[in-house]
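Let me begin by presenting the structure, written as structure tokens, before commenting on it.
What follows is calculated from the coordinates using simple rules that are stated; it is not laboratory data. The structure presented is a predicted model; accordingly, all values stated were derived computationally and were not measured. Cβ atoms come from the backbone with ideal geometry, glycine included; neighbour counts cover every protein chain shown.
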Amino acid sequence: MNLNIRSAGTGDIPDIKSILSQYILETELVDDNIDQFIVAETGGRIVGCTCLVSSMDIIELRSIAVLPSCKNKGIGRRLFETLMQRAKGMTDRIFVRTTAKDFFEKMGFEALDGSQKPVLWQDCADCDKLDVCMQVPMVLELR
């Protein structure tokens, strides 16, 4: 598979939102953060995306997703590796909230105690579903 990883542009917004919505991932922030996204494309078709977002003094990997028909082909890993190259020099650690704990453990992330979510993320602190949330907070030390 000839895979191209590149920065996203405004023309990619509908494809990014379509991919994210397949996993019930947040799409509301795509428009405002499009300059932070990277996409994976093959044959002129976007098959994956991800971004880094800075908020409340942390850098968070967000919205990593690959089309279901393209999973298990190394696309997520390539997106992750490209994003980590961008992260070097920005921070010493990357955070993620995920239901795909196994994938992120393979990438070197370590799970944090769930009590860290409302400490690290204000939207978690304000969420009425915090007690039943399935997202695992994780961190990757870049040092």
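Which percentage, to the nearest 5, of the DSSP beta bridges contained in the chain is antiparallel?
95
Compare MET84, MET107, MET56 in a GNM of the chain, Cα atoms joined below 10 Å, and give the one with the largest fluctuation.
Highest fluctuation among the options: MET56.
Could you give the dipole magnitude of the range 4-141 about its Cα centre, charging the beta-carbon of Lys and Arg +1 and that of Asp and Glu -1, in debye to the nearest 20?
720
With unit charges on the beta carbon (Lys/Arg positive, Asp/Glu negative), name the residue among ILE19, MET56, ASN33 whose Cα is farthest towards the positive pole of the charge dipole of the range 1-77.
ILE19
Return the single residue from LYS117, LYS88, LYS101 with maximal mean-square fluctuation; model: Gaussian network over the chain, springs between Cα atoms under 10 Å.
It is LYS88.
Assuming R0 = 35 Å, can you tell me the calculated FRET efficiency for the pair LEU29 and ARG77, based on Cβ-Cβ distance, to the nearest 0.05?
Computed FRET efficiency for LEU29 and ARG77: 0.90.
May I ask you to sort THR10, THR98, THR82 by Cβ crowding, counting other Cβ atoms within 10 Å and putting the fewest first?
THR10, THR82, THR98
Please find, in a Gaussian network model of the chain (springs between Cα atoms separated by less than 10 Å), the residue of VAL119, VAL132, VAL47 whose mean-square fluctuation is greatest.
Top of the fluctuation ranking is VAL132.
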